[in-house]
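S.K.: Quick one: structure below, then a few questions.
The values are calculated or read from the model by the stated rules, or taken from the named source; none is laboratory data. What you see is a predicted model; the values in this text were computed from it and never measured. Glycine gets a Cβ as well: all are built from the backbone with ideal geometry, and neighbour counts include every protein chain shown.
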């Protein structure tokens, strides 16, 4: 059911364009970027210069890509200075072409009323292994649980679904999958479901 | 996977005094999950929720279906709140495809979403009643919610699984004469739910069982990232319908309910107060709705996103903020769909609330979290 | 003549046959009464497996009131139950628990598979964590199709089960 209709202008012949998330600092078209969100992004860039990349600035949504070594520092800055106080959601996205697994934190704020519409998207990437041994391979990231307490169950979920081990997370046990699950982490792209 | 118990929150080392109890999955007070509690006498020392009994891999399945065929199965996690769980997904797909929704469709969505919120809350209230051993409180809400289910059935054609919201609007226009019937039923419904105060919310037995149990302070509610009624019962005024209005909520007249106590009683009262606000919203929306017009933008078959793009949309569901993160790579199928659901986010509060409580208070605290295990597991 | 039939070798067989004959003799008059007692007090065990439990709950609500057909509301203690309504999807984590619950119920016990997921896997036919129906886990008596089935359908399924029990042999003990 996937690619029967011929697509209109071919923007992406390859399935994923890794470059567009990683290395386009600001959107090409400079038309009326939302003011508040622009300021927010500028504050972060001012502090961390080249260590963060602003992937996009949309109304109410700012996305920053960070390296895995800097994420804890950036998260602490976001919590202490910019008043983001909880994580709404933590999602993993698998990019087999880049050999990377992306972990995306959606941060929000309850205490700061000016930020109540905003979601700050903090993304980082972990190395991806062809033959994963969850917990014992190079797919590791520093845990943000000490910074944002609310990521606890989300990170546990990511660990079992993608095999990304969170260093410093006190409770990396299994959460949703059956106890005897011995297959690949199911949300990775190379885990095929029945009949597909 | 290691079996070693982590420090801090997790279960303590077992000595003679402490007994481990499995509550669920077959237990009248657990729902579809297991809660492992350790008790010292009658008091809970530690608690470890074990969800996942209904983990069906919705997110994986969504990567193999196109944007439209995802709709029926993405609403299955909460079939009695199916309009609200589809809402962020549909909003996200609309943003990805760049669709503008007709005005009348927006009002129909708001009405359907509010009706559905009431249907969900009534079911939750019924279960909360029966968990506390209050049989009348099971029968009354379970009977009254059928009124609204009738309305939704008229509107969408199905009792609970509506699949009514589609990218570009809603599937069907309202049936003839719907506005009058809706107004009448909603007015009756509002009168009816006010009577619940007498048998349930002012009932001294209920107050004795729920007041001052499982207190969640304001700071903890924020720190744990709870949402919805749990958050608002702890004194944080955060309702996405006000804070980040989607569709036509901006133009409608309602208020959010906030209580300061943070105990089970406050948490159980907020959804009930919300239902009255929902009735107000429905009445106001029926009044302001354009009387005619299109309700759906026709889409091309197999719509695709434009290149690599991601969108995060959220709405206020019956259980709190419900977010949907969609990553598209320009194919007819989404690259990744993640549902960030209120139940899963509130679950993290359970070990904190149960620590130090009596075991008998467990159902009162657990179900006051407005938790629906099927949704949390996805 | 009888003496010729019974030898030390076949005495056991003969006694066994006698037992059968006696049971049948009792079953004819008493079986109907025993089954009549069973069909009007079916106690479903309180185990929810997925989202069909919403409609199962609605079936006990005042509008549908399944109790008037002799099926009592879901009950906590499975030692007193004789009906298990499998309410929807069975995941791989739930299946062993479901079997455990079934094994602990006293005989006689009946199974209703409610919803498309419990019958074939339904919408989740290609999910990695869902069993394609519960036939491999439990012996099913009645299938109630729908996604989810309306409460009326569930009530009809329960009545079909009652019809089935009426025609069963009452003396069947394991």
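S.K.: Failed condition for residue B:56, given (1) facing chain A (nearest Cβ under 9 Å); (2) assigned to a loop (DSSP other than H, G, I, E, B); (3) modelled with pLDDT of 85 or more, with all others met?
M.R.: Just one mismatch for residue B:56, condition (1).
S.K.: List every residue pair whose Cβ atoms lie under 7 Å apart, where the two residues are 6 or more positions apart in sequence or sit on different chains, the first residue falls within region A:171-194 and is more than 8 Å from chain B (Cβ to nearest Cβ), and the second residue, located anywhere, is modelled with pLDDT under 80.
M.R.: Matching pairs, first to second residue: A:184/A:132; A:185/A:132; A:185/A:134.
S.K.: Output the residue which, of all residues in region B:28-53 that are part of a loop (DSSP other than H, G, I, E, B) and within 11 Å of chain A (Cβ to nearest Cβ), is nearest to residue B:362 (Cα to Cα).
M.R.: In this case the residue turns out to be B:33.
S.K.: Next question. Please determine, by comparing only the residues of region A:160-170 that are surrounded by fewer than 17 Cβ atoms within 10 Å (Cβ to Cβ) and either touching a helix residue (DSSP H, G or I) at 6+ places or on another chain (Cβ under 9 Å) or part of a loop (DSSP other than H, G, I, E, B) (or both), which one is farthest from the other protein chains (Cβ to nearest Cβ).
M.R.: Once the filter is applied, the top-ranked residue is A:168.
S.K.: With B:153, B:146 as the choices, which residue is facing chain C (nearest Cβ under 9 Å) and under 19 Å from residue C:147 (Cα atoms)?
M.R.: B:146
S.K.: Residues to consider are B:84, B:70; find the one that is away from chain A (no Cβ under 14 Å) and within 20 Å of the chain's Cα centre (by Cα).
M.R.: Of the residues listed, the single one that is away from chain A (no Cβ under 14 Å) and within 20 Å of the chain's Cα centre (by Cα) is B:84.
S.K.: Tell me which residues, restricted to region B:281-331, are farther than 26 Å from residue A:88 by Cβ and touching a helix residue (DSSP H, G or I) at 6+ places or on another chain (Cβ under 6 Å).
M.R.: B:282, B:285, B:286, B:289, B:290, B:293, B:295, B:303
S.K.: I'm checking my understanding of the structure. Among residues of region B:192-228 that are within 14 Å of chain A (Cβ to nearest Cβ) and part of a helix (DSSP H, G or I), which one is farthest from the chain's Cα centre (by Cα)?
M.R.: Here the residue is B:219.
S.K.: Another one. Please go through region A:35-62 and give me each residue that is touching a strand residue (DSSP E or B) at 6+ places or on another chain (Cβ under 9 Å), closer than 16 Å to residue A:76 by Cα and surrounded by fewer than 20 Cβ atoms within 10 Å (Cβ to Cβ), ordered by number.
M.R.: If the condition is that a residue be touching a strand residue (DSSP E or B) at 6+ places or on another chain (Cβ under 9 Å), closer than 16 Å to residue A:76 by Cα and surrounded by fewer than 20 Cβ atoms within 10 Å (Cβ to Cβ), then A:45, A:48, A:51 are the ones that fit.
S.K.: So, one more: Just to confirm my filter: which helices (runs of 4 or more DSSP H) fall fully inside region C:36-153 and include at least 3 residues that are within 13 Å of chain B (Cβ to nearest Cβ) and crowded, with 24+ Cβ neighbours inside 10 Å?
M.R.: It comes to C:53-59.
S.K.: Please determine whether any residue of region A:141-149 is more than 21 Å from residue B:49 (Cα to Cα) and outside any loop (DSSP other than H, G, I, E, B).
M.R.: Within region A:141-149, one or more residues are more than 21 Å from residue B:49 (Cα to Cα) and outside any loop (DSSP other than H, G, I, E, B).
S.K.: May I ask you to list the residues in region A:78-87 that are surrounded by fewer than 23 Cβ atoms within 10 Å (Cβ to Cβ) and either under 12 Å from the mean Cα position of the chain (by Cα) or more than 9 Å from chain B (Cβ to nearest Cβ) (or both)?
M.R.: Within region A:78-87, A:79, A:80, A:81, A:82, A:83 qualify.
S.K.: Could you grab me the full set of residues in region A:88-118 that are at the interface with chain B (Cβ under 10 Å from one of its Cβ atoms) and closer than 18 Å to residue A:141 by Cβ?
M.R.: A:89, A:90, A:91, A:92, A:93, A:94, A:95, A:102, A:104, A:106, A:107 - these are the residues of region A:88-118 that are at the interface with chain B (Cβ under 10 Å from one of its Cβ atoms) and closer than 18 Å to residue A:141 by Cβ.
S.K.: Return yes or no: is residue B:63 surrounded by fewer than 21 Cβ atoms within 10 Å (Cβ to Cβ) and within 14 Å of residue B:246 (Cα to Cα)?
M.R.: No.
S.K.: So for region A:12-21 (the condition being assigned to a helix (DSSP H, G or I), at pLDDT below 85, within 12 Å of chain B (Cβ to nearest Cβ) and surrounded by fewer than 15 Cβ atoms within 10 Å (Cβ to Cβ)), does at least one residue qualify?
M.R.: There is at least one residue in region A:12-21 that is assigned to a helix (DSSP H, G or I), at pLDDT below 85, within 12 Å of chain B (Cβ to nearest Cβ) and surrounded by fewer than 15 Cβ atoms within 10 Å (Cβ to Cβ).
S.K.: Check whether at least one residue in region B:116-126 is away from chain C (no Cβ under 14 Å) and either over 27 Å from residue C:52 (Cα atoms) or assigned to a helix (DSSP H, G or I) (or both), and report yes or no.
M.R.: Within region B:116-126, one or more residues are away from chain C (no Cβ under 14 Å) and either over 27 Å from residue C:52 (Cα atoms) or assigned to a helix (DSSP H, G or I) (or both).
S.K.: Restricting attention to region B:299-318, does a residue exist that is free of Cβ contacts under 8 Å to residues at least 60 places away in the same chain, more than 21 Å from the chain's Cα centre (by Cα) and under 22 Å from residue B:252 (Cβ atoms)?
M.R.: No, there is no match, as no residue in region B:299-318 is free of Cβ contacts under 8 Å to residues at least 60 places away in the same chain, more than 21 Å from the chain's Cα centre (by Cα) and under 22 Å from residue B:252 (Cβ atoms).
S.K.: Next question, about the same structure. Restricting to region A:132-146, and then to whatever is more than 11 Å from chain B (Cβ to nearest Cβ) and under 16 Å from the mean Cα position of the chain (by Cα), can you tell me which residue is surrounded by the most Cβ atoms within 10 Å (Cβ to Cβ)?
M.R.: Among residues in region A:132-146 that are more than 11 Å from chain B (Cβ to nearest Cβ) and under 16 Å from the mean Cα position of the chain (by Cα), the one surrounded by the most Cβ atoms within 10 Å (Cβ to Cβ) is A:144.
S.K.: Enumerate the strands (runs of 3 or more DSSP E) found wholly within region A:37-131, keeping only those where 3 or more residues are within 28 Å of residue B:239 (Cα to Cα) and touching a residue at least 60 places away in the same chain (Cβ under 8 Å).
M.R.: A:86-95, A:119-127
S.K.: Among what's in region A:119-131 and is more than 8 Å from chain B (Cβ to nearest Cβ) and surrounded by 21 or more Cβ atoms within 10 Å (Cβ to Cβ), pick the residue that is farthest from residue A:54 (Cα to Cα).
M.R.: Among those residues, the one meeting the criterion is A:128.
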